[in-house]
1. Please go through the stretch 24-41 and give me each residue that is farther than 28 Å from THR64 by Cα and either exposed (fewer than 11 other Cβ atoms within 10 Å of the Cβ) or touching a residue at least 40 places away in the same chain (Cβ under 8 Å) (or both), ordered by number.
2. Checking the structure you have, find out if any residue of the stretch 66-81 is closer than 23 Å to ASP2 by Cα, under 19 Å from the mean Cα position of the chain (by Cα) and loosely packed, with under 11 Cβ neighbours inside 10 Å.
3. If I filter the stretch 1-17 down to residues being of a type outside the set (S, T, N, Q) and loosely packed, with under 11 Cβ neighbours inside 10 Å, which single residue comes out as farthest from THR78 (Cα to Cα)?
4. Could you please let me know if GLU8 is of a type outside the set (A, V, I, L, M, F, W, C), assigned to a helix (DSSP H, G or I) and modelled with pLDDT of 95 or more?
5. With the condition kept exactly as written, say whether any residue in the stretch 16-34 is touching a Ser or Thr at 6+ places or on another chain (Cβ under 8 Å) and within 30 Å of ASP2 (Cβ to Cβ).
Amino acid sequence: MDVQVQVEVLRQHGEHVGNLVTQLTDKLTHLAHVLSVPPSPAAAEIARLGAECAALARTLSAETDFLWQRVHFFVADTQSGTDSP
């Protein structure tokens with residue numbers, strides 16, 4: 001794969017991971033707001049928001065791991081390419 005294409009794929013994947021971080025932050029901010037405003041929210045709403053946060057966190061973890069692997073392979077390919085005669 002062309003280096004420019006590889007970098008663009010990494011950039012887009014990094015942007016995707018950033019969007020997941022933003023979504024999780026927004027969801028946690030909403031949960032914090034719900035918990036801080038009287039009256040106390042229903043347990044079902046807290047459970048729903050918690051489950052949504054957990055799902056986003058799992059996706060974020062998987063995507064971050066995958067991005068790390070892509071970056072690792074890209075760097076390895078780039079370094080082996082510069083060592084070649």
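1. Answer for the stretch 24-41, where residues must be farther than 28 Å from THR64 by Cα and either exposed (fewer than 11 other Cβ atoms within 10 Å of the Cβ) or touching a residue at least 40 places away in the same chain (Cβ under 8 Å) (or both): SER36, VAL37, PRO38, PRO39, SER40.
2. yes
3. Only one residue tops the list, namely GLU15.
4. Yes.
5. The initial filter retains those residues of the stretch 16-34 that are touching a Ser or Thr at 6+ places or on another chain (Cβ under 8 Å), namely 17, 20.
Of the ones still in play, those that are also within 30 Å of ASP2 (Cβ to Cβ) are 17, 20.
Yes, the stretch 16-34 contains a residue that is touching a Ser or Thr at 6+ places or on another chain (Cβ under 8 Å) and within 30 Å of ASP2 (Cβ to Cβ).
Here is a yes/no grid of residues against (1) among the aromatic types (Phe, Trp, Tyr); (2) part of a helix (DSSP H, G or I); (3) within 25 Å of GLU15 (Cβ to Cβ); (4) modelled with pLDDT of 95 or more:
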position	(1), (2), (3), (4)
PRO38	no, no, no, no
GLU45	no, yes, no, no
ALA54	no, yes, yes, yes
ALA57	no, yes, yes, yes
GLU63	no, yes, yes, yes
TRP68	yes, yes, yes, yes
VAL71	no, yes, yes, yes
ASP77	no, yes, yes, no
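The values are calculated or read from the model by the stated rules, or taken from the named source; none is laboratory data. All of these numbers come straight from a predicted model, not from anything done at the bench. Every residue, glycine as well, gets a Cβ built from its backbone with ideal geometry; the counts of neighbours run over all protein chains shown.
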